[in-house]
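For reference, the structure is listed below as structure tokens.
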Amino acid sequence: MTESDRPGSAPGLPPTPPPFRPRLGPEPLPTNEAEALVIGRQYFSEVGSPGGPSALFVHEFDIGYLILASWPRPEDPTAPPADPGGSHVVISKTDGEVTFVPNFPPEDAVELYHQILSRRAS
């Protein structure tokens, strides 16, 4: 699926982000990786669906859970990606708040998440 095939996308522009989900109350607090994965699935297309991830993984760290998606190999590995960018989802262990971070390697995404929290606290 190309970016122009997605609903709400325009040709030549980055993919449309997932729909905004308003907070209707306290977010559920995950107590383990399995619970974090259940929450994280809400923010990605169904695994194995056309244009969706091939799998979701959880990376637990000190104050949260990083949900990472893996994508099928492109048919032409030398071609630029059809949907550049993307994001990971971080679920806070303290309040269940969901934060999107760029599609960086896990250690870099966690470091960026810590920086985001530091800026929020300032």
Across the range 72-93, which residue is farthest from Pro50 (Cα to Cα) among those that are at pLDDT 80 or above and within 17 Å of the chain's Cα centre (by Cα)? Lys93
Any idea how many residues of the range 36-62 are hydrophobic (A, V, I, L, M, F, W, C), closer than 17 Å to Pro105 by Cβ and without any contact (Cβ under 8 Å) to a residue 24 or more places away in the chain? 3
Looking at Tyr113, Tyr65, which one is surrounded by 16 or more Cβ atoms within 10 Å (Cβ to Cβ), under 24 Å from Ala34 (Cβ atoms), without any contact (Cβ under 8 Å) to a residue 40 or more places away in the chain and of a type in the set (Ser, Thr, Tyr)? Tyr65
Only one of these conditions is not met by Ile116: (1) at pLDDT 95 or above; (2) β-branched (Val, Ile, Thr); (3) over 14 Å from the mean Cα position of the chain (by Cα). Which number is it? (1)
If we keep only residues of the range 25-56 that are touching a helix residue (DSSP H, G or I) at 6+ places or on another chain (Cβ under 7 Å) and at pLDDT 85 or above, then the residue surrounded by the fewest Cβ atoms within 10 Å (Cβ to Cβ) is Leu56
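The values are calculated or read from the model by the stated rules, or taken from the named source; none is laboratory data. Here the structure is a predicted model, which is why all the values come from computation and not from measurement. We place every Cβ from the backbone using ideal geometry, glycine too, and count neighbours over all the protein chains shown.
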